[in-house]
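Encoded as structure tokens, the structure appears first; notes follow it.
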Amino acid sequence: MTPLRPETRTVHLPQPPVEQSRPITMPLYQTSGFVFDDPAVMADAMGRPDGPYVYGRYTNPTVRSLEQAVSDLEGGAGAVATGSGMGAINTVLLGLLRPGDHLIAQKSLYGGTAAVLNDLAARFGVTVTHVPENDPGALRAAVRPETKLLYLETISNPMVLVADLPAMCAVARELGLVSVVDNTFASPLLCRPIEHGADIVVHSTTKYLSGHTDVVGGLAVAATDELYRKVWHHAIELGASADPFAAWLTLRGMQTLALRMERHCSNARLLATRLAEHPAVAAVHWPGLPSHPSYEIAGKLLPDFGGVFSFDLKGGRAAGERFMRSVRLALLAPSLGGVETLTLHPATTSHRSLGAEELARHGIGEGTVRVAVGIEHPEDLWADIEQALA
């Protein structure tokens, strides 16, 4: 071969092999595709999720490392990483449902998920029935011949209701429904829904898994290889693939997940307990409090109760807006699961797409404030909240 010109050599840079050692952390493979010597091998790779790497929309070594890591934590057969949590939810729902199907979902849901279900109903005639997250009898009564799927959240957003996963997933399996559980608020450290009978687990990796407020990503874990391949095929058609740099950042964040979750939960316990006794607060919603409706099932299902809680201020919307203007250490921002404490007003932010009737069904009031507790010193957080309430 004749010597390559500089313009060509700057494109085809040498790649030294790694031999007799391996990197401590997973490298970032920031490439859109991979080169093959054999066209038959390339053709085979494009048809399955476990073959050689072929194209970034299909998967990537860094992305697959994240998929395998979370699948292992959740006890799944395989996982598909996506560009956002909503990407994971839409990939699963659009991949498993057809026009005219019926699904059953719990009453209290993340606003983005509720909006997707409303859109499925309006555009494709996918009907939805809402039932309590802990009532297998209501689930059984809601099933129709065209029912295909049950959708739950381990810990709901924002009222932090805990689903009775063993009971609800058992009924779903008995009746031939696919059970999908959003495990974002719990993380695999507080709950692994597949162990309780779930078929698919979804995450917004933006939250606790990455943990540093610098990533947007999602992931769907399937309990069986058949479901995994079905979700993967739809994911590559939908184009909801994860970015390798986001996957790399998430892998880095996951290494401190256990330490962070311990602090998130302990901080939430202190703040929720004190807020429950504050005269400006009408109610506190955290499953670690005996007053919470999910206290009993949470104690059976979870080793701890999570780092998110909501509370209702006396004085309604005006009091809620005044509180959020007054906090200084806690930040007014969307999302959760990062090292910083964040607050928001669900009725006008995360659940803004819902009407008054739907907000009431979710238990969200005009004065409801959600707090996603970070890992700061708890007394500093309490001093900030106390001065804002004053």
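Quick check on T82: is it out of contact with any Pro (no Cβ under 9 Å at 6 or more places or on another chain), closer than 22 Å to Q255 by Cβ and either assigned by TED's automatic domain parsing to the domain that holds H234 or touching a residue at least 40 places away in the same chain (Cβ under 8 Å) (or both)?
On the way: out of contact with any Pro (no Cβ under 9 Å at 6 or more places or on another chain): yes; closer than 22 Å to Q255 by Cβ: yes; either assigned by TED's automatic domain parsing to the domain that holds H234 or touching a residue at least 40 places away in the same chain (Cβ under 8 Å) (or both): yes.
So T82 passes the test.
Suppose we filter segment 241-280 for residues that are free of Cβ contacts under 8 Å to residues at least 60 places away in the same chain, of a type in the set (V, I, T) and in a helix (DSSP H, G or I); how many remain?
Going through segment 241-280 one residue at a time, the tally reaches 1.
Please tell me if N157 is in contact with a Phe, Trp or Tyr (Cβ under 6 Å, 6 or more places away or on another chain), of a type outside the set (A, V, I, L, M, F, W, C) and either closer than 25 Å to L336 by Cα or crowded, with 21+ Cβ neighbours inside 10 Å (or both).
On the way: in contact with a Phe, Trp or Tyr (Cβ under 6 Å, 6 or more places away or on another chain): yes; of a type outside the set (A, V, I, L, M, F, W, C): yes; either closer than 25 Å to L336 by Cα or crowded, with 21+ Cβ neighbours inside 10 Å (or both): yes.
Judged against the criteria, N157 is a match.
For (1) of a type in the set (D, E, K, R); (2) within 30 Å of G197 (Cα to Cα); (3) assigned by TED's automatic domain parsing to the domain that holds P166; (4) surrounded by 15 or more Cβ atoms within 10 Å (Cβ to Cβ), each residue gets a yes or a no:
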position	(1), (2), (3), (4)
V308	no, yes, no, yes
K314	yes, no, no, no
A330	no, no, no, yes
P346	no, no, no, yes
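Does A88 satisfy the condition of being more than 29 Å from Y151 (Cα to Cα) and either modelled with pLDDT of 95 or more or in a helix (DSSP H, G or I) (or both)?
Values: more than 29 Å from Y151 (Cα to Cα): no; either modelled with pLDDT of 95 or more or in a helix (DSSP H, G or I) (or both): yes.
When the stated conditions are applied, A88 does not pass them.
When segment 309-332 is examined, which residues are found to be touching a residue at least 60 places away in the same chain (Cβ under 8 Å) and within 25 Å of A186 (Cβ to Cβ)?
F309, S310, F311
For segment 141-159, does any single residue satisfy the condition of being of a type in the set (G, A, S), over 19 Å from A114 (Cβ atoms) and either modelled with pLDDT of 95 or more or not in a strand (DSSP E or B) (or both)?
Scanning segment 141-159 turns up at least one residue that is of a type in the set (G, A, S), over 19 Å from A114 (Cβ atoms) and either modelled with pLDDT of 95 or more or not in a strand (DSSP E or B) (or both).
Can you confirm whether G47 is assigned by TED's automatic domain parsing to the domain that holds T129 and either of a type in the set (S, T, Y) or modelled with pLDDT of 95 or more (or both)?
Numbers: assigned by TED's automatic domain parsing to the domain that holds T129: yes; either of a type in the set (S, T, Y) or modelled with pLDDT of 95 or more (or both): no.
No; evaluated as a whole, the condition is false for this residue.
Among H203, H233, H212, which is the only one that is surrounded by fewer than 18 Cβ atoms within 10 Å (Cβ to Cβ) and within 28 Å of L97 (Cβ to Cβ)?
Of H203, H233, H212, the one residue that is surrounded by fewer than 18 Cβ atoms within 10 Å (Cβ to Cβ) and within 28 Å of L97 (Cβ to Cβ) is H233.
Kindly check whether there is at least one residue in segment 113-120 that is of a type in the set (G, A, S), closer than 23 Å to E74 by Cα and within 22 Å of the chain's Cα centre (by Cα).
No, the conditions are met nowhere in segment 113-120.
State which residue pairs qualify: first residue farther than 16 Å from S108 by Cβ and inside segment 138-164, second residue of a type in the set (K, R) and part of a loop (DSSP other than H, G, I, E, B) in any location, beta carbons under 9 Å apart, and separation of 6 or more residues or different chains.
These pairs meet every condition: K148/R98.
Going through segment 96-112 one residue at a time, which ones are at pLDDT 95 or above and outside any loop (DSSP other than H, G, I, E, B)?
Restricting attention to segment 96-112, the residues satisfying the condition of being at pLDDT 95 or above are 96-106.
Result: L96, H102, L103, I104, A105, Q106.
If T368 satisfies all but one of (1) surrounded by fewer than 19 Cβ atoms within 10 Å (Cβ to Cβ); (2) of a type in the set (S, T, Y); (3) under 23 Å from T184 (Cβ atoms); (4) over 18 Å from the mean Cα position of the chain (by Cα), what's the number of the condition it fails?
Condition not satisfied by T368: (1).
Can you name the number of the only condition in (1) under 21 Å from L238 (Cα atoms); (2) touching a residue at least 40 places away in the same chain (Cβ under 8 Å) that N134 fails?
That leaves (1) as the condition not met.
If we keep just the residues of segment 281-304 that are in contact with a helix residue (DSSP H, G or I) (Cβ under 7 Å, 6 or more places away or on another chain) and in contact (Cβ under 8 Å) with a residue 60 or more places away in the chain, which is surrounded by the fewest Cβ atoms within 10 Å (Cβ to Cβ)? Talk me through it step by step, then tell me what you get.
Step one: of segment 281-304, the residues in contact with a helix residue (DSSP H, G or I) (Cβ under 7 Å, 6 or more places away or on another chain) are 281, 284, 286-289, 301-304.
Next cut, in contact (Cβ under 8 Å) with a residue 60 or more places away in the chain only: 281, 286-287, 301-304.
Values: V281: 18, W286: 29, P287: 26, L301: 21, L302: 20, P303: 11, D304: 18.
In this case the residue turns out to be P303.
Which of the residues that make up segment 1-42 are of a type in the set (V, I, T), modelled with pLDDT of 90 or more and part of a helix (DSSP H, G or I)? Don't jump to the end; show me each part of the working.
Filtering segment 1-42 down to residues of a type in the set (V, I, T) leaves 2, 8, 10-11, 18, 24-25, 31, 35, 41.
Remaining after also requiring modelled with pLDDT of 90 or more: 31, 35, 41.
V41 - this is the single residue of segment 1-42 that is of a type in the set (V, I, T), modelled with pLDDT of 90 or more and part of a helix (DSSP H, G or I).
Looking at S335, S294, S350, can you tell me which residue is closer than 19 Å to L381 by Cβ and either at pLDDT 95 or above or within 18 Å of the chain's Cα centre (by Cα) (or both)? Before you say what the answer is, go through the steps one by one.
On the way: S294 fails: closer than 19 Å to L381 by Cβ; S350 fails: closer than 19 Å to L381 by Cβ.
Unique residue meeting the criteria: S335.
The values are calculated or read from the model by the stated rules, or taken from the named source; none is laboratory data. Predicted model only: the values in this text are computed from it and were never measured. Note that each Cβ is placed from the backbone with ideal geometry, even for glycine, and that neighbours are counted across all protein chains shown.
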